[in-house]
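Chemist: Input: one structure, supplied below.
The values are calculated or read from the model by the stated rules, or taken from the named source; none is laboratory data. It should be emphasised that the depicted structure is a prediction, and the values quoted were computed from it without experimental measurement. Backbone-built Cβ (ideal geometry, glycine too); neighbour counts: all protein chains shown.
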Amino acid sequence: MNLDKTVIASYIDEAIVGIINYSPKVLAAFLILFIGHHTINFVKKLILSKVQNSEIDITLSKFLIDILVWILRFLLFITFISRLGIETASFVAIIGAAGLAIGLSLQGSLSNFAGGILIVLFKPFEVGDSIEAQGVTGVVSEIQIFVTKLIASNNQTIFIPNGSLSNGNIINHSLQGKRRADIQFLVSYNDDLKKVKDIIFQILNSNEKVLQDPKPSVDVVALTETGVRLAVKPWATNEDFSKMNSQVLESCMTELTKAGINLEKKV
């Protein structure tokens with residue numbers, strides 16, 4: 001099949017003319033996209049800096065800022081395609097129809113979004129709180145639109161969907177400002193119980209991280225086949241809790257063993 005060179009040349013000329021005529025729209029559209037993207041990031045950082053220096057709740061602020069950023073990105077996208085010459089009215093209608101279908105298939109994501117709103121409104125925890133939920137424990141680093149980010153004690157980052165988080169049990173270790181440890185020992189029936197309690201109270205009273213209000217306690221909680229079970233219950237601030245718990249446990253084992261107290265296996 002022989003192609004007419006004049007026809008090919010005319011097609012090439014038309015293509016070149018089309019590219020030349022359309023290229024300003026493409027360049028303008030991508031320029032708008034570039035400037036808009038950086039402007040949104042600048043606005044986000046500016047609002048965050050203002051919020052951090054004010055008395056506005058940081059958790060609610062970050063959540064609302066995330067929603068604002070997504071709205072601005074959507075408007076930027078509409079502006080971008082409009083500049084390319086695509087009819088926005090028909091495109092928005094297509095997005096609406098597609099959004100309905102996507103919404104039905106992403107019910108889990110919508111429940112996570114609703115869960116995020118519930119968390120922000122009712123505040124079972126805030127950024128910086130130590131919580132236990134969904135089988136994991138960590139410090140709340142960020143409450144995002146769909147997930148909540150925790151930092152575990154081993155520095156692992158944990159993401160929990162807001163839907164399951166808002167509908168499940170949450171233990172907030174930071175809400176009251178103080179925490180009580182529950183340390184248990186099993187001592188022999190042959191040991192002097194008063195001597196054991198005196199040694200433990202001496203340890204509790206000498207440890208600077210143990211609070212004296214509320215006062216720590218040492219109680220008998222069970223009589224087992226092998227010995228007497230004691231529950232040592234010292235209090236500490238949230239910041240000192242982990243260190244205090246470790247220090248008291250180590251000191252009790254060391255001092256009781258040094259005094260000749262027989263620590264039995266827990267039954």
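Chemist: Going residue by residue through region 253-263, is there one that turns out to be in contact (Cβ under 8 Å) with a residue 12 or more places away in the chain, surrounded by 17 or more Cβ atoms within 10 Å (Cβ to Cβ) and within 26 Å of Gly138 (Cβ to Cβ)?
Modeler: no
Chemist: Scan region 63-87 residue by residue and report those that are part of a helix (DSSP H, G or I) and either on the phi > 0 side of the Ramachandran plot or modelled with pLDDT under 75 (or both). Full working, then the answer.
Modeler: Going through region 63-87, the residues part of a helix (DSSP H, G or I) turn out to be 63-83.
The one that is part of a helix (DSSP H, G or I) and either on the phi > 0 side of the Ramachandran plot or modelled with pLDDT under 75 (or both): Phe63.
Chemist: Here is a further query. Given (1) closer than 18 Å to Ile65 by Cα; (2) surrounded by 19 or more Cβ atoms within 10 Å (Cβ to Cβ), identify the lone condition not met by Phe113.
Modeler: (2)
Chemist: Residue under question is Asp198, and the condition is that it be surrounded by 12 or more Cβ atoms within 10 Å (Cβ to Cβ) and touching a residue at least 60 places away in the same chain (Cβ under 8 Å); does it hold? Spell out the reasoning first.
Modeler: Details: surrounded by 12 or more Cβ atoms within 10 Å (Cβ to Cβ): yes; touching a residue at least 60 places away in the same chain (Cβ under 8 Å): no.
Spelling it out, it is not the case that Asp198 is surrounded by 12 or more Cβ atoms within 10 Å (Cβ to Cβ) and touching a residue at least 60 places away in the same chain (Cβ under 8 Å).
Chemist: Also, quick follow-up: When you look at Ile119, is it modelled with pLDDT under 70, in contact with a helix residue (DSSP H, G or I) (Cβ under 9 Å, 6 or more places away or on another chain) and either among the aliphatic types (A, V, I, L, M) or more than 30 Å from Asn169 (Cβ to Cβ) (or both), yes or no? Quick ask: steps written out before the conclusion?
Modeler: Values: modelled with pLDDT under 70: no; in contact with a helix residue (DSSP H, G or I) (Cβ under 9 Å, 6 or more places away or on another chain): yes; either among the aliphatic types (A, V, I, L, M) or more than 30 Å from Asn169 (Cβ to Cβ) (or both): yes.
So Ile119 does not fit the description; no.
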